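> One structure, pasted below without further comment.
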Amino acid sequence: MLKLAIELGTSVTKIYGVGSGIVLAESTCLAVSRESGEVRAYGNEAKRLHGKTAEDTAMVFPVCGGEIVDEPHAGALLEYFLGKVVRRAFRVEALFCVPCGTSIQSREKYYRVAKSAGISRVEFAETPFLVALGQDVALSESNPVFAIDIGAGKTSTAVFSLDGIIAGLTMDVGGNRMDTLIIDHIAGLYHLKIGPQTSEKLKNTVGSLLEYDNQSMIVNGRDVVTGKPRAVTVSSGDIFYPISKYVDKVIEYAELLLRKVPAEVSAAMCKNGVYLAGGVAAVSGFGEYVANKLQMEAHLAEDVHTAVVLGGGRVVGSNALMRKICLK
């Protein structure tokens with residue numbers, strides 16, 4: 001049986017194959033004909049069409065806010081992705097990486113989607129565990145770990161040990177929310193309307209939590225007054241406010257969580273620090289900013305984009321970890 005870890009993310013789907021490593025990372029979207037319902041493009045090919053299609057083509061994002069919101073299209077997309085990495089003769093066992101506290105109803109959606117895509121056996125693990133395991137943290141029953149996974153749709157944070165979650169929560173604060181804040185901020189600052197792909201590129205290129213960072217890039221958009229195309233130069237300082245506002249909200253929730261843990265666990269947090277992953281963690285200065293706000297050491301994954309699915313790969317490849325970490 002082929003063993004896979006699958007992160008069916010709001011923005012990007014990643015698949016890890018035991019013995020092969022990460023075998024796929026593509027956008028979680030489809031381009032669909034409004035008239036016939038026919039799928040015209042999947043994954044990265046569909047993402048390239050976002051904001052550029054005619055009226056008869058709809059962009060479908062079957063996962064939103066960390067939840068499957070369109071099961072038929074999620075199943076079709078997952079089947080397409082599996083077709084790129086799995087030979088038909090193989091039976092597949094898949095571990096799905098899900099936000100902390102995912103409900104039974106949400107897991108049932110993943111199960112149905114997985115079965116429709118031809119997966120034989122389905123397991124689930126919560127992303128904070130996987131953030132730590134993706135950074136090769138040695139988990140034990142007696143040494144609590146604090147981890148935050150900032151996805152495109154949701155942010156999951158938890159304090160846990162190998163014995164289970166001590167305190168955890170998932171918030172509707174994802175990287176896509178930051179993109180929206182940047183779009184609104186640029187509209188107010190420059191009277192320029194930019195699209196989600198431009199906002200994402202701006203965030204990834206010059207976004208920074210280093211207050212005096214001076215990177216810049218030229219941004220194209222539509223003048224909100226004249227309606228004509230226009231370009232402006234946007235610097236890191238120009239978008240510091242929407243980025244910091246978003247991260248401050250994540251930290252606010254993390255602080256609420258820390259107030260719930262016992263004193264001995266808090267002492268361990270001071271010693272061990274916090275483990276961070278997710279696309280937003282790639283913003284320059286993110287680790288230093290979080291460390292300063294939480295007053296503890298921040299451990300940033302070597303690749304913040306893949307830490308969760310790497311952790312999932314570590315779990316699905318170990319029967320001992322599967323028994324300890326997978327949701328019952």
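The values are calculated or read from the model by the stated rules, or taken from the named source; none is laboratory data. These numbers were taken from a predicted model, which means no experiment stands behind them. Backbone-built Cβ (ideal geometry, glycine too); neighbour counts: all protein chains shown.
> Exactly one of (1) touching a residue at least 40 places away in the same chain (Cβ under 8 Å); (2) under 16 Å from Gly311 (Cα atoms) is unmet by Ala152. Its number?
All conditions are met except number (2).
> Quick check on segment 41-57: of everything there that is within 25 Å of the chain's Cα centre (by Cα) and of a type outside the set (Gly, Ala, Ser), which residue is modelled with the lowest pLDDT?
Residue satisfying both the conditions and the ranking: Lys52.
> Could I ask something else about it? Could you tell me whether Arg91 is charged (D, E, K, R), more than 30 Å from Ile194 (Cβ to Cβ) and surrounded by fewer than 14 Cβ atoms within 10 Å (Cβ to Cβ)?
So Arg91 passes the test.
> Can you tell me which of Phe129, Phe146 is assigned to a strand (DSSP E or B) and in contact (Cβ under 8 Å) with a residue 24 or more places away in the chain?
Selected residue: Phe146, the only one of Phe129, Phe146 that is assigned to a strand (DSSP E or B) and in contact (Cβ under 8 Å) with a residue 24 or more places away in the chain.
> Tell me yes or no: at least one residue of segment 166-177 is at pLDDT 90 or above, surrounded by fewer than 24 Cβ atoms within 10 Å (Cβ to Cβ) and not in a strand (DSSP E or B).
no
> Does Val113 qualify as being assigned to a strand (DSSP E or B), under 15 Å from Ala74 (Cβ atoms) and modelled with pLDDT of 95 or more?
No; evaluated as a whole, the condition is false for this residue.
> Of (1) more than 20 Å from the chain's Cα centre (by Cα); (2) crowded, with 23+ Cβ neighbours inside 10 Å, Ser140 satisfies all except one. Which?
The number of the failed condition is (2).
> Something else about it: State which residue is nearest to Ala291 (Cα to Cα) when the search covers only segment 227-265 and only residues that are in contact with a helix residue (DSSP H, G or I) (Cβ under 7 Å, 6 or more places away or on another chain) and among the polar types (S, T, N, Q).
Among those that are in contact with a helix residue (DSSP H, G or I) (Cβ under 7 Å, 6 or more places away or on another chain) and among the polar types (S, T, N, Q), it is Ser236.
> Please verify whether Val316 is of a type outside the set (Gly, Ala, Ser), at pLDDT 95 or above, out of contact with any Gly (no Cβ under 7 Å at 6 or more places or on another chain) and farther than 25 Å from Arg177 by Cβ, treating the condition exactly as stated.
So Val316 fits the description; yes.
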